[in-house]
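Colleague: Have a look at the structure that comes next, please.
The values are calculated or read from the model by the stated rules, or taken from the named source; none is laboratory data. Given the structure is predicted, the values throughout are model-derived calculations rather than measurements. Counting neighbours? That spans all protein chains shown, and the Cβs are built from the backbone with ideal geometry, glycine included. For the accessible areas, the whole protein counts, side chains as well, though only heavy atoms, and no ligand, DNA or RNA atoms are used. Shrake-Rupley method; radii C 1.70, N 1.55, O 1.52, S 1.80 Å.
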Amino acid sequence: MPGSLEPLDLTVQIPYHFRCPISLELMCDPVTVSTGQTYDRSSIESWVATGNTTCPVTRAPLTDFTLIPNHTLRRLIQDWCVANRAFGVERIPTPKQPAEPSLVRSLLNQAASASNPTHSRLSALRRLRGLARDSDKNRSVISSHNVREVLVNLVFSTSQSSDLSHESLAILVLFPLTEFDCVGISSEPERISYLANLLFHSSIEVRVNSAALIENVIAGTRSSDLRLQISNTEIIFEGVIEILKNPLSSPRALKIGIKALFALCLVKQTRHKAVTAGAAETLIDRLADFDKCDAERALATIELLCRIQVGCAAFAAHALTVPLLVKTILKISDRATEYAAGALLALCSASELSQKEAVCAGILTQLLLLVQSDCTDRAKRKAQMLLKLLRDAWPEDSVGNSDDFLCSEVVPF
């Protein structure tokens, strides 16, 4: 419930009719069901979602599942919150009402009709976009009206304003795609080429939305041939990497950029194109800017690219690669540690210079801590392989003074 519970428990009694009969907490969005009983919206929706078809209080069957907002009760609750503000009660916000299915149908028809003026269609799309951003409930309502088919047709239509295409793209990326949707896009090379070209649009929002749709499509396509066709598209790697390079990229842009690059790099045959487009330098330069989850993806991408010779050489050529990877071990997460160790194993296997850089960066201590940690078994195996590989590169005083090293068992693979 809003506000601090402790002051309320000591000095304020919540009026009985302000409490939800299901949760027994102060209602934030009271709604009335067909039996006339009022509940908090989230509670009654959860009740119905679990398969219940009766009213929780009266046990009478719910003749329909329409939830009618009880505005009068909500205003009374808000007034009560304001009156008790001195006791730590915060005023409940006025909830945004869910989109009506009839409104969604009307907006979709208005946007899809080629006979309507462009400004009218754009207005409908912008309103749909606002509704979709408001809540999961709205997205669920919109999704149930065949929105993906309508939006895909608008995004790739060649006989309309580009503004319609861009606005439709912005809405489409808010919804998960089915495999059928993904195949419908990926099986037409001109559609992927169109998205690749949008990666260089003057609007950063259009570029990021294009990268988001590319990532959604390649992640949702099972066919290896179609995935290869996508990643083989001209300038697609360059466009995604440019989003990551952009110093003005927002957190959303960085998140979508690394997701798209990782998805593209899962296709083995085209990883060299990522290297040619500058992925190595960009990933190392941007590594510190990612949040935890995106840093894991970035490190996974680095490990993937280090599995090919040109990728290994490109990362080895960057002065910060090895020190950053060593520093990352045991710092971000178990997954990040595993990917960093894998990339270091590839780099040190390919270059004696990388081995020396790793030793200078303090990898001995990091690896010894790693093999004794609760990290994943794969990470420990990679650490043990690195210890064996680098044994001859340790300074004599480091090895001699390390009881841990002397007693560590290195498992051969």
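Colleague: Kindly list, by first and then second residue, each pair from a residue in the range 94-106 that is under 11 Å from residue 124 (Cα atoms) to a residue that is open to solvent by 50 Å² or more (accessible area, probe 1.4 Å) and assigned to a loop (DSSP other than H, G, I, E, B), limited to pairs with Cβ atoms under 9 Å and residues at least 6 apart or on different chains.
Modeller: 104/144
Colleague: Here's something else I'd like to know. Quick check on residue 325: is it more than 26 Å from residue 208 (Cα to Cα), assigned to a helix (DSSP H, G or I) and not polar (S, T, N, Q)?
Modeller: Working: more than 26 Å from residue 208 (Cα to Cα): yes; assigned to a helix (DSSP H, G or I): yes; not polar (S, T, N, Q): yes.
So residue 325 fits the description; yes.
Colleague: Same structure again: For residues that are open to solvent by 30 Å² or more (accessible area, probe 1.4 Å) and of a type in the set (D, E, K, R), scanning just the range 320-342, find the one that is farthest from residue 286 (Cα to Cα). Reasoning before the result, please.
Modeller: Keep residues of the range 320-342 that are open to solvent by 30 Å² or more (accessible area, probe 1.4 Å), which gives 320, 323-324, 327, 330-332, 334-335, 339.
Next cut, of a type in the set (D, E, K, R) only: 327, 331, 334-335.
On the way: 327: 15, 331: 17, 334: 20, 335: 18 Å.
Checked the range 320-342; the qualifying residue farthest from residue 286 (Cα to Cα) is 334.
Colleague: Let me ask another. Quick one: would you say residue 176 is in contact (Cβ under 8 Å) with a residue 60 or more places away in the chain, open to solvent by 30 Å² or more (accessible area, probe 1.4 Å) and of a type outside the set (A, V, I, L, M, F, W, C)? Show your work before the answer.
Modeller: Values: in contact (Cβ under 8 Å) with a residue 60 or more places away in the chain: no; open to solvent by 30 Å² or more (accessible area, probe 1.4 Å): yes; of a type outside the set (A, V, I, L, M, F, W, C): yes.
Against the criterion (in contact (Cβ under 8 Å) with a residue 60 or more places away in the chain, open to solvent by 30 Å² or more (accessible area, probe 1.4 Å) and of a type outside the set (A, V, I, L, M, F, W, C)), residue 176 does not qualify.
Colleague: Hey, among 377, 397, which residue is at pLDDT below 85 and of a type outside the set (Gly, Ala, Ser)?
Modeller: From the options 377, 397, the qualifying one is 397.
Colleague: Another question about this same structure. Taking the range 43-95 on its own, how many of its residues are on the phi > 0 side of the Ramachandran plot and open to solvent by 80 Å² or more (accessible area, probe 1.4 Å)? Steps first, answer last, please.
Modeller: Residues of the range 43-95 on the phi > 0 side of the Ramachandran plot: 51, 59, 88.
So of that shortlist, the ones also open to solvent by 80 Å² or more (accessible area, probe 1.4 Å) come out as 59.
Total satisfying the criteria: 1.
Colleague: Can you find, within the range 141-189, the residue that is nearest to residue 106 (Cα to Cα) among those that are under 23 Å from the mean Cα position of the chain (by Cα) and not in a helix (DSSP H, G or I)?
Modeller: The selected residue is 144.
Colleague: Taking residue 228, is it open to solvent by 10 Å² or more (accessible area, probe 1.4 Å) and not in a loop (DSSP other than H, G, I, E, B)?
Modeller: Values: open to solvent by 10 Å² or more (accessible area, probe 1.4 Å): yes; not in a loop (DSSP other than H, G, I, E, B): yes.
So residue 228 passes the test.
Colleague: For residue 203, state whether it is in contact (Cβ under 8 Å) with a residue 24 or more places away in the chain and surrounded by fewer than 21 Cβ atoms within 10 Å (Cβ to Cβ).
Modeller: Details: in contact (Cβ under 8 Å) with a residue 24 or more places away in the chain: yes; surrounded by fewer than 21 Cβ atoms within 10 Å (Cβ to Cβ): yes.
Yes: the conditions hold for residue 203.
Colleague: Where residues in the range 343-382 are among the hydroxyl-bearing types (Ser, Thr, Tyr) and assigned to a helix (DSSP H, G or I), which of them is surrounded by the most Cβ atoms within 10 Å (Cβ to Cβ)? First the steps, then the outcome.
Modeller: To start, the set of residues in the range 343-382 that are among the hydroxyl-bearing types (Ser, Thr, Tyr) comprises 349, 351, 354, 365, 373, 376.
Retained after the next criterion (residues that are assigned to a helix (DSSP H, G or I)): 349, 354, 365.
Working: 349: 14, 354: 22, 365: 14.
The residue in question is 354.
Colleague: Is it the case that the range 56-68 has a residue that's modelled with pLDDT under 90, in a loop (DSSP other than H, G, I, E, B) and either within 22 Å of residue 149 (Cβ to Cβ) or of a type in the set (Ser, Thr, Tyr) (or both)?
Modeller: Within the range 56-68, one or more residues are modelled with pLDDT under 90, in a loop (DSSP other than H, G, I, E, B) and either within 22 Å of residue 149 (Cβ to Cβ) or of a type in the set (Ser, Thr, Tyr) (or both).
Colleague: All but one of (1) over 21 Å from the mean Cα position of the chain (by Cα); (2) more than 30 Å from residue 111 (Cβ to Cβ); (3) surrounded by fewer than 21 Cβ atoms within 10 Å (Cβ to Cβ) hold for residue 280; which doesn't?
Modeller: Here residue 280 meets the rest and fails (3).
Colleague: Provide a single number: the residues in the range 122-140 that are in a helix (DSSP H, G or I) and open to solvent by 20 Å² or more (accessible area, probe 1.4 Å). Before you say what the answer is, go through the steps one by one.
Modeller: First, pick out the residues of the range 122-140 that are in a helix (DSSP H, G or I): 122-134, 136-140.
In the following step, the residues that additionally are open to solvent by 20 Å² or more (accessible area, probe 1.4 Å) were identified as 123, 126-127, 129-131, 133-134, 136-137, 139-140.
Counting residues in the range 122-140 that are in a helix (DSSP H, G or I) and open to solvent by 20 Å² or more (accessible area, probe 1.4 Å) gives 12.
Colleague: Can I ask one more? Could you check the range 108-121 and list, in sequence order, the residues that are loosely packed, with under 15 Cβ neighbours inside 10 Å and in a helix (DSSP H, G or I)?
Modeller: As a first pass, look at the range 108-121 and keep what is loosely packed, with under 15 Cβ neighbours inside 10 Å: 109, 113-115, 117-120.
Matches in the range 108-121: 109, 118, 119, 120.
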